[in-house]
Amino acid sequence: MSSTTIEISQNFKAKILSLYFPDIYLNVCSRDHIDALSDELDIPGDLPTSEKQHRLLQAKLDNRIAQSWSNPKFMTFLYNTYLRTPSEQKHVGRLRKVHHRRVNIDEMLENRNRIGKLSEAYALRWEKERLHGAGHAKLVKKIKDCRDRPGCGYDFLSHSEPGKERFIEVKSAGKLRTSQGYRFFLSDTEHRVSRTADAKDNYYFYLVFYDEAGEPTDLQAWTAEEVYAISELGPNGYIVSFNFDRTDL
């Protein structure tokens with residue numbers, strides 16, 4: 001019996017490795033994408049593709065904020081920062097390189113981390129005030145902070161009323177550049193938990209809006225089902241885009 005040698009492309013090998021070993025290999029397989037991202041992060045262009053991919057991973061591990069992220073979350077950040085325009089974020093096909101202005105990735109991550117903490121603090125105060133206003137002051141002490149356990153799929157566990165849990169995921173509502181809508185990023189875990197039978201009817205997005213000075217000023221509490229009904233969910237993680245007139249608040 002004669003043996004047959006099957007050639008497997010590097011791209012296909014990379015896809016298999018990133019699928020079965022997501023903690024070790026980045027989920028970026030296209031040479032064009034790797035070259036484009038390497039160029040944005042000042043990785044030398046004359047290196048082999050595998051070395052560039054390795055250095056992209058090293059850039060994540062060297063950053064004190066991104067190093068705690070999953071590889072898919074890091075790649076979502078890179079794609080949406082450097083390669084995808086808002087319209088392209090709705091498609092999975094081949095991407096053209098978009099020439100964005102060069103940014104300081106550490107500064108951007110620091111700013112996102114700062115805004116995230118501001119939103120969480122604002123939402124927690126809002127939730128405590130909601131419980132007090134609803135006559136459920138005793139439930140304030142029962143709010144559980146789950147932010148250090150990303151596997152939970154939400155930031156806080158509260159109650160809508162005695163005996164009825166409320167799963168709260170805090171999101172900073174970012175303005176879309178090409179429309180009057182807003183967007184926020186949603187992880188696979190958050191999306192999955194929000195769809196489970198136990199949480200489906202009690203999972204809330206606390207959307208925090210900012211003023212021109214960069215300070216949180218408004219919060220809109222919507223169930224996940226309400227948000228999904230008026231939104232488009234993009235690939236590569238989830239980018240939730242929706243239209244909302246804040247004058248109605």
(request) Taking the residues in the range 53-99 that are outside any helix (DSSP H, G or I) and open to solvent by less than 40 Å² (accessible area, probe 1.4 Å) as candidates, determine which candidate is modelled with the lowest pLDDT. (result) LEU95
(request) Note down all Cβ pairs under 6 Å where the first residue falls in the range 28-49 and is without any contact (Cβ under 8 Å) to a residue 24 or more places away in the chain, the second is basic (Lys, Arg) and part of a helix (DSSP H, G or I), and they're at least six residues apart or on different chains. (result) CYS29/LYS15; ILE34/LYS52; SER38/LYS52; ILE43/LYS52; ILE43/ARG55
(request) Within the range 185-208, track down each residue that is of a type in the set (A, V, I, L, M, F, W, C), more than 10 Å from the chain's Cα centre (by Cα) and over 15 Å from GLY151 (Cα atoms). (result) ALA197, PHE205, LEU207, VAL208
(request) Name, by its number, the condition in (1) closer than 23 Å to PRO72 by Cα; (2) modelled with pLDDT under 80 that does not hold for ARG195. (result) (2)
(message) Can you tell me how many residues within the range 159-185 are buried (at least 17 other Cβ atoms within 10 Å of the Cβ) and within 24 Å of GLU215 (Cβ to Cβ)?
(response) 12
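The values are calculated or read from the model by the stated rules, or taken from the named source; none is laboratory data. Source: prediction; values computed, not measured. Note that each Cβ is placed from the backbone with ideal geometry, even for glycine, and that neighbours are counted across all protein chains shown. Remember, those area values only see protein heavy atoms, side chains included, never the ligands or the DNA or RNA. Shrake-Rupley method; radii C 1.70, N 1.55, O 1.52, S 1.80 Å.
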